[in-house]
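All remarks here apply to the structure that follows.
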Amino acid sequence: MSQFLQPTILLLREGTDTSQGRAQIVSNINAVQAVADVVKSTLGPRGMDKMIQTGPKVTISNDGATILNLLEVVHPAARVLVDIAKSQDDEVGDGTTSTTLLAAELLKEAKPFIEEGIHPQIVIQGYRKALELALEKLEGFSINISRDSPQEKRDTLLKCAQTALNSKLLANTKQFFSELVVSAVEKLDPNILDRDLIGIKNVTGGSVTDSFLVDGVAFKKTFSYAGFEQQPKRFENPKICLLNLELELKSEKENAEIRIEKPEEYQQIVDAEWALIYEKLEIIVKAGAQIVLSKLPIGDLATQYFADRNIFCAGRVPQEDLLRVQKATGGQVQTTVNGLNPETFGTCGLFEEVQVGAERYNLFKNCPQSRTATIVLRGGAEQFIQEAERSLNDAIMIVRRCFKANKIVAGGGAIELELSRYLRHYARSVTGKTQYIVNSYAKALEVIPRTIAENAGLNSIEIMNKLRQRHAQGGEEGRWYGVDINGASGVCDTHSSFVWEPSLVKRNALCSATEAACAILSIDETVKNPKSDQDTKMKPKGQPGRPPMGMRR
Amino acid sequence: MSLAFDDYGRPYIILRDQGQKKRMKGLEAYKSNILAAKAVANTLSSSLGPKGMDKMLVSPDGDVSVTNDGATIVEKMEIQHPTAKLLVELSQSQDAEIGDGTTGVVVLAGKLLEQALTLLDKGIHPLKISDGFDRACDVAIKHLETISEEIDIQANEHEALIQAACTALGSKVVSKRKRELGKIAVTAVLDVADLARRDVNLDLIKIQTKTGGSVEDTRLISGILIDKDMSHPQMPKEVKEAKICLLTCPFEPPKPKTKHNINISSAEDYKKLYLQEQQYFVDMVKLVKDSGANIALCQWGFDDEANHLLLQNELPAVRWVSGTDVELIAMATGARIIPRFQEITPEKLGKAGSVKEVQFGTSNERMLVIENCQCTKAVTILIRGGSQMIVDEAKRSIHDAICVIRNLIKDNRIVYGGGSAELACAIQVLQYADEVSSVEQYAIRSFADALEGIPNCLADNCGLNPITSVAQAKSRQLQENNPRIGIDCMELGTTDMKEQRIYETLSSKKQQIQLATQVVKMILKIDDVIAPDDY
């Protein structure tokens, strides 16, 4: 900067941090590498977990998006990675780690070009071109699965679910859980496949294989008043009344004022209040309801009233559960009992209150319109179940995706290698700088099989050589060779060993990784405003960017 | 956390408060996690077995508790370390699911981690270790099922159940009275058990404690005990053939829920109001009397005036009975809970043989016992003991025993204790290990070693030479092909646990091994710890 002789022009607020130019791009790339390094070891079936403590809460996870989210990344460029991981999570639910790694690797490959003085836009163009070709090829490579018979379709879904669960804590019981997940998704309406309608409930205790699927709804026993135990706890084909109404003896209106003259009238007021609640209860009973669920509290009076009449009731049912009961039983939530119509009641095959671990659960089974399912997860420790829940979530998303799109590719790094081979081949046919860049893109793709092998403790160089050779021989049989973590040779045909993933996952991963890489490459200036006064007071720091040295406790 | 520098030598701030976060990676992370978890397990290991010792725990408020129950110890230790917390939850989930064996599960997890540490030092990939443990666990569970025996819970006046309860109570402070307490627990569970459905609702067994007397005075009341007395000292102390009226409304003039105030402008009005109030009381008592009730239990209170009126009308009453008690009484006596005086009908009354006020020792404390209820579905165990600490510990012990009996009613298969089941599994797992050709072999072998750690620990706690006695037991198991040989903790002269009648439920043992393996697997899978840097 050579403004020595010119008067300084103050453009920005004092303390604003600016950096620009090529160095800025390189610096951003380095930051991204640091973040990607954290999640690197979670990839693949031998990927490890991370334990992150935030305040009193401890999370143990293998899910890329979860980890990145908990890291609280503040670096502006590195945040891009967090965002793509999140978008991958929202869009397809799985493959968050590979997306992050791929983006980081693309940037790493771009770094020498930037340092050598190639304009970032040329790199970006090259990457975009490579992506276009890769996606086209991905489409061509992906295998259409026949879904003529429901059995075959189910098989495919099971395999995809198993691949998703491979790297998780549940890997050893993946058969069991893939069954669970696929059965749960099959319950949904095939046209909408609303994820919210699959409930996952956690109960500590028991072994993971004690987890079970309820074809219907299950929720924990709500807070109950005296008299609850006298209610029947089991019904067959009950009539279920869903309410969003408080059934309690209470004042009807706040701040109401009543003036009475005679003591006799006093009794009338009291009676009137009782009459109001009794009227409501009577309507419900007369309509023939056998189970009454309400989002709002059901008081002790109502509990006892229902107990006397062999009706089961539960108040303070969580909104989402009530919604799922509604979907499952075909009932409608009423906000008033006036004009309560038996047609608005839902029904199910069997209602039961059962003991699960130390909790009692209300189960609604065999629902007629069963468009919902609940998975009750068991396990040793709270963190264990939480991680299991995240893993199942991934698997559910994958199965959902698979349900719709019927194209798959083989995992274990096979598809990445095949795309890489193709791009290398293509690169030779172009002239100019693009050749280098497409080549780099091809090289970056190899990060996936390489990391899988590294994480499994295999010799990654040897395996990569073997795989490249297999793929270079080309043809149909070489195409699906990927990393094999169990066998002695380290490579196998992952298609025939059923490591299947929906091609949509890969497609989305490639797109968002490339986009993120391009976005970071095109940033050549960061203007960071100083923190507002309040913030600096709370966390006194010397200079921005320096760790507070004397502050260690 | 490690810092990265850009080309100008400025450090990156990638994470929030980066300087205050600590990160451990790879082997360092495994080791620190394992050591923390092991520390917890070591604390508990001396509590295992019939000669296990108790721990004294002082809470931040200065409350002292003395206990031998694993779940209680780890809960009150207030552990901070994130990995060690996993073991706490492990113990608690065993408590929630089974209720017994909470110490054993933590000790086993500790032994497994100890073995994992040596394997890690050998350079075996942590996931290979956990795969090996998983396979070994399956083998052990299968073997447990083959050596388990079905027992007839009905035979010989439920002798088997009593023995199992005794085993559970054996390690506790109340072990001297284990036979009596065991019998009480068995009777209590059988009273409320639904044998056809094999279901026991533990909510129906109320455990009431009272300091004073000794543990021998602990008794079972086939009815309900409530920590309340008659509202007026002159009311009869005992009501025979009681007809109970359960009220959830106070003995006072009704109040509208809508906000109100009363304005009185003249003396006549005041008198009128007074009379009106009097009339309410009279009506209320009359309504209760008319229904034929001879005792009223009220969830709410009533003032002295009402109290006096009740006495005059010879209607004994109890006030401030808690909601859960009201419910239990309703279940036991077949009463309906009545929310309004206007709704009292003779059908809604509950029936009990007697309602009696009992007094303990010289203290002026009284309790109400409701016995011979119409439909006995609820029972109470009244625990006595010299001090609050003993009583509390006795309560936890009886809870354990009750859980064991419940589990046996659910699943009547047992294995033998004294470390024999673990030894038998260890032998089986060791055999299996030799059949495995991959790296997992080492892990499987270590799993067997860890299982042997349990009898080892038992022998150690009993003052026996752990190595000799485990070696002897193991060789006898192999020679005689008898999976019931264990450690003779009580020095009864036989190591056959069938003769010693040390019974443990299959479900509890299975759960212990499964849960411990699960948590160890989880700990082994963590290779990166990011935490605030303050310890």
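The values are calculated or read from the model by the stated rules, or taken from the named source; none is laboratory data. Owing to the predicted nature of the structure, the values given are computational and were not obtained by experimental measurement. Here Cβ is always computed from backbone atoms with ideal geometry, including for glycine, and neighbour counts include all displayed protein chains.
Just give me the residues in segment B:148-159 being within 16 Å of B:Leu195 (Cα to Cα) and touching a residue at least 60 places away in the same chain (Cβ under 8 Å), in sequence order.
Matches in segment B:148-159: B:Ile151, B:Asp152, B:Ile153.
Considering only segment B:222-239, I want to know if a residue exists there that is without any contact (Cβ under 8 Å) to a residue 12 or more places away in the chain, surrounded by fewer than 18 Cβ atoms within 10 Å (Cβ to Cβ) and not acidic (Asp, Glu).
Yes.
Quick check: anything in segment B:219-231 assigned to a loop (DSSP other than H, G, I, E, B), of a type in the set (S, T, N, Q) and touching a helix residue (DSSP H, G or I) at 6+ places or on another chain (Cβ under 6 Å)?
yes
Looking at (1) out of contact with any Leu (no Cβ under 7 Å at 6 or more places or on another chain); (2) modelled with pLDDT of 85 or more; (3) at the interface with chain B (Cβ under 10 Å from one of its Cβ atoms), can you tell me which one A:Thr99 breaks?
Evaluating A:Thr99 over (1) out of contact with any Leu (no Cβ under 7 Å at 6 or more places or on another chain); (2) modelled with pLDDT of 85 or more; (3) at the interface with chain B (Cβ under 10 Å from one of its Cβ atoms) leaves (3) as the failure.
Go through (1) farther than 27 Å from A:Ala78 by Cα; (2) at pLDDT below 85; (3) not in a helix (DSSP H, G or I) one by one and return the number of the condition A:Thr526 breaks.
Answer for A:Thr526: the failing condition is (1).
Would you point out which residue out of B:Glu504, B:Glu491 is more than 20 Å from B:Lys128 (Cβ to Cβ), under 26 Å from the mean Cα position of the chain (by Cα) and away from chain A (no Cβ under 14 Å)?
None of the others qualify; the one that does is B:Glu504.
So in segment B:126-161, with the set limited to residues that are more than 28 Å from B:Lys31 (Cα to Cα) and either charged (D, E, K, R) or part of a strand (DSSP E or B) (or both), which one is modelled with the lowest pLDDT?
B:Glu157
Condition test on B:Asp460, is it within 30 Å of B:Lys76 (Cβ to Cβ) and of a type in the set (Asp, Glu)?
yes
Kindly provide the set of residues from segment B:121-154 that are crowded, with 18+ Cβ neighbours inside 10 Å and under 13 Å from A:Gly457 (Cβ atoms), ordered by number.
Those that are crowded, with 18+ Cβ neighbours inside 10 Å and under 13 Å from A:Gly457 (Cβ atoms): B:Ile124, B:His125, B:Pro126, B:Leu127, B:Lys128, B:Ile129, B:Asp131.
Restricting to segment B:195-218, give me the number of residues that are within 14 Å of chain A (Cβ to nearest Cβ), of a type outside the set (Lys, Arg) and part of a loop (DSSP other than H, G, I, E, B).
3
Quick check: is even one residue across segment A:266-279 without any contact (Cβ under 8 Å) to a residue 60 or more places away in the chain, among the charged types (D, E, K, R), away from chain B (no Cβ under 14 Å) and not in a loop (DSSP other than H, G, I, E, B)?
yes
Condition (residue is in contact with a Lys or Arg (Cβ under 9 Å, 6 or more places away or on another chain) and under 25 Å from B:Asn261 (Cα atoms)) applied to segment A:277-292: is it met by at least one residue?
The answer is yes, given that some residue of segment A:277-292 is in contact with a Lys or Arg (Cβ under 9 Å, 6 or more places away or on another chain) and under 25 Å from B:Asn261 (Cα atoms).
Out of the residues in segment A:88-104 that are surrounded by 24 or more Cβ atoms within 10 Å (Cβ to Cβ) and small (Gly, Ala, Ser), state the one that is nearest to A:Ala513 (Cα to Cα).
Taking the candidates together, the pick is A:Ala103.
Is it fair to say B:Ser475 is of a type in the set (Gly, Ala, Ser) and either within 14 Å of chain A (Cβ to nearest Cβ) or within 23 Å of A:Ala381 (Cα to Cα) (or both)?
Judged against the criteria, B:Ser475 is not a match.
Just checking, does segment B:51-73 include any residue being crowded, with 21+ Cβ neighbours inside 10 Å, more than 10 Å from chain A (Cβ to nearest Cβ), over 30 Å from B:Ser437 (Cα atoms) and in contact with a strand residue (DSSP E or B) (Cβ under 6 Å, 6 or more places away or on another chain)?
yes
Specify which of the listed residues (A:Ile463, A:Ile448) is more than 14 Å from every other protein chain (Cβ to nearest Cβ) and out of contact with any strand residue (DSSP E or B) (no Cβ under 7 Å at 6 or more places or on another chain).
A:Ile448
Among A:Glu343, A:Glu352, A:Glu389, which is in a strand (DSSP E or B) and charged (D, E, K, R)?
Within the list A:Glu343, A:Glu352, A:Glu389, the selection yields A:Glu352.
Kindly establish whether A:Asn310 is away from chain B (no Cβ under 14 Å), assigned to a loop (DSSP other than H, G, I, E, B) and either of a type in the set (Lys, Arg) or out of contact with any His (no Cβ under 8 Å at 6 or more places or on another chain) (or both).
Criteria not met by A:Asn310.
Only residues in segment A:43-54 that are within 12 Å of A:Glu387 (Cβ to Cβ) and within 7 Å of chain B (Cβ to nearest Cβ) count as the first member; pair them with residues that are of a type in the set (A, V, I, L, M, F, W, C) and not in a strand (DSSP E or B), Cβ under 6 angstrom, at least 6 apart or cross-chain, and list the lot.
Listed by first residue and then by second, the contacts come to A:Lys50/A:Ile67; A:Ile52/A:Leu70.
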